[in-house]
2 protein chains.
Amino acid sequence: MPNIKLSKSEENYLKSIFNLSEFGNKQVSTNSISKILNIEPASVTDMLKKLSKKNLVYHEKYKGSTISKSGIKIALQIIRRHRLWEVFLHDKLKFKWDEIHEIAEELEHVSSEELIDNLDKYLKYPKIDPHGDPIPNKLGEIDFVDKISISDLNINEKGIVSRIINEDEEFFNLLKKLNIEIGTEIKIVDKIEYDQSVEILINKKSVIISKDISNNIKITKI
Amino acid sequence: MPNIKLSKSEENYLKSIFNLSEFGNKQVSTNSISKILNIEPASVTDMLKKLSKKNLVYHEKYKGSTISKSGIKIALQIIRRHRLWEVFLHDKLKFKWDEIHEIAEELEHVSSEELIDNLDKYLKYPKIDPHGDPIPNKLGEIDFVDKISISDLNINEKGIVSRIINEDEEFFNLLKKLNIEIGTEIKIVDKIEYDQSVEILINKKSVIISKDISNNIKITKI
DNA sequence: TAAAGTTTTTAGGTTTGCCTAAATTATTCA
DNA sequence: TGAATAATTTAGGCAAACCTAAAAACTTTA
Ligand SMILES: [Mn+2]
Ligand SMILES: [Mn+2]
Ligand SMILES: [Mn+2]
Ligand SMILES: [Mn+2]
């Protein structure tokens, strides 16, 4: 199977399907892809057929889609490119950690293997990107450290923010407002049963964050 | 006039039209654009109409096209991006000078002004790219040093290769075969009246190069 | 200066990637 | 379990950026 050049669209679909599939293990619904990519479900169906014909996903009508082995391989390549560019933008070009995702979203589609390998070498083979996400190596192997979320800590326990899952702009804005970034120390003050929101202490200020928010912030326990 | 985002195609057309126009001074024929971009003349006409409607070129039916002030401004921006990326690829990622053009052709279309300005700063505001071409600054100003060509030297005069105009792969291959690169010292042995080809000495070996080849190699007299 | 040749445009298609509206299938829940 | 609701697909369209073939306009040349 010679490496057929994929379009930017196809690459974005594959990456999203992979991300939704939890490392290729889960079936992915048409609607979930639609929501993530902001593309109407009807169009997603079109593309699923196309990717299906290329054996990058398996698509069962009205059921859902699974990403294939070769689909995963390609998705990991794109993720590798994205995260390496993020490291470059952050470490070398001195962009803030919340400004890099959008630009990397474009750079990731420049597909020269040599380019990425030289970039990797130049950056000294980084293992994680500025959001704490692991970077796949040339072979697609990835350090799969499943960090715990804020909500996994108990009251009075402390942690260091080590990974931000959601990279949408609104989420970044929220984190900024909360004074949360990679490296920030937090302490659990209270866990609210009712809706599983959590009261946490950041720089001596206490705030309550929803379950959804806390799930998107991974930490290292200290 | 707010900066409207142009497509990759539109950007490539503008850059080519600008390059053919000799800094916006000459009218450009539909056929010449067609040849450079490898796109059929009929399609070129389509795009010329489109760019015309956006006031980036003036298109006179059956006559030719002229690039507008704002067209030039955009073209210079794209050229700036292209050449800065070439510097990055060559100086930082250690690509050979004949491997960078193609990759820069992709990178130049990632349009974030901040990205380019930060890259410029990171590279310490380089004035020329690895082929000896001047790099426009943020404002589109460009050091316009019109170097002399090999054919401008007289017999027995010497020069240092300082700029390669043609960046096609075949031309690079030819230069490699001739052992010519930026910095190579050459000496004129003879100038052939018949077809204006030139006999030159490179590393003690003498070769005859055609007028077309010598025109594409700019030098600094020594 | 008119015929021949060249350049450019027009007309009519195609592919990609998207959309809306309507039809179909699956799921929920009363 | 059957009716309402939700998810998904099909059908039909559209814009961008190409193409080929044919027509029209310019240029050369005899
Ligand atoms: Mn990112
Ligand atoms: Mn992307
Ligand atoms: Mn170049
Ligand atoms: Mn280009």
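So here's what we get for this one:
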| read-out | value |
| --- | --- |
| Charge sum, other residues only, whose C-beta stays under 15 Å from residue A:45's C-beta, Lys/Arg counted +1 and Asp/Glu -1 | +2 |
| Selection from A:219, B:196, A:64, by position along the positive dipole direction of the protein assembly as shown (Cβ) | A:64 |
| Taking the range A:8-67 and dividing mean pair separation by its residue count, relative contact order in percent (alpha carbons under 8 Å, at least six apart) | 37 percent |
| Assigned charges on the beta-carbon of Lys, Arg, Asp, Glu; the range A:8-67 dipole about Cα centre (debye) | 140 debye |
| Interatomic Cα distance distribution for chain A, bins of 10 angstrom, percent | 8, 30, 32, 23, 7, 1 |
| Residue of A:119, A:139, A:20 that the Gaussian network model of chain A assigns the largest fluctuation, springs spanning Cα pairs under 10 Å | A:139 |
| Local electrostatic count, residue B:202, Cβ distance below 15 Å [Lys/Arg +1, Asp/Glu -1] | +1 |
| Position residue A:179, label points 7 Å along Cα→Cβ, spacing to each other copy in nm (shortest first, one decimal) | 6.7 |
| Vicinal HN-Hα couplings computed from phi for the range B:55-60 (Karplus, 6.51 cos²θ - 1.76 cosθ + 1.60; Hz; Gly/Pro x) | 6, 9, 9, 9, 10, 9 |
| Label-point separation, residue A:31 to residue A:9 (7 Å along Cα→Cβ), nm | 2.4 nm |
| Value of [θ]222 nm, deg cm²/dmol, for the protein assembly as shown, DSSP H segments ≥ 4, -39500 (n - 2.57) each, nearest 500 | -11500 deg cm²/dmol |
| Euclidean distance of C-alpha centroids, the range A:37-110 and the range B:87-140, integer Å | 26 Å |
| Relative intensity, log₁₀ I(q)/I(0), of the range B:90-188 from a Debye sum that treats every alpha carbon as a point, q = 0.11, 0.12, 0.20, 0.21 Å⁻¹ | -0.41, -0.49, -1.18, -1.26 |
| Residue mean of other protein chain beta carbons inside 10 Å, B:119-130 | 1 |
| Listed residues B:172, B:88, B:144, most fluctuating in chain B (Gaussian network, C-alpha, under 10 Å) | B:144 |
| Debye, to nearest 20: dipole size of the protein assembly as shown, +1 on Lys, Arg Cβ, -1 on Asp, Glu Cβ | 100 debye |
| Cα centroid of the range A:165-212 to Cα centroid of the range B:157-222, whole Å | 65 Å |
| Chain A - charge dipole about Cα centre, Lys and Arg +1 at Cβ, Asp and Glu -1, debye rounded to 20 | 500 debye |
| Too-long pairs where the Cα-Cα distance tops 25 Å, listed order kept, from B:26/B:73; B:176/B:221; B:5/B:94 | B:5/B:94 |
| Range of Cα positions in the range A:148-221 per principal axis (Å), largest first | 29, 24, 22 |
| Kirkwood-Stokes translational diffusion coefficient of the range A:8-67, alpha-carbon pairs, 37 °C, 0.692 mPa s, µm²/s | 299 µm²/s |
| Convex hull projection area averaged over all views, the protein assembly as shown, Cα basis, nm² | 27.8 nm² |
| Cut-off under 5 Å, modelled amide H: who pairs with residue B:202 long-range | B:207 |
| Top positive-direction residue, dipole computed over the range B:71-133 with Cβ charges, set B:82, B:125, B:101 | B:125 |
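Just so you know, all these numbers are worked out from the coordinates, no wet-lab data involved. Treat the numbers as computed from the prediction; the structure is a model and nothing was measured. We place every Cβ from the backbone using ideal geometry, glycine too, and count neighbours over all the protein chains shown.
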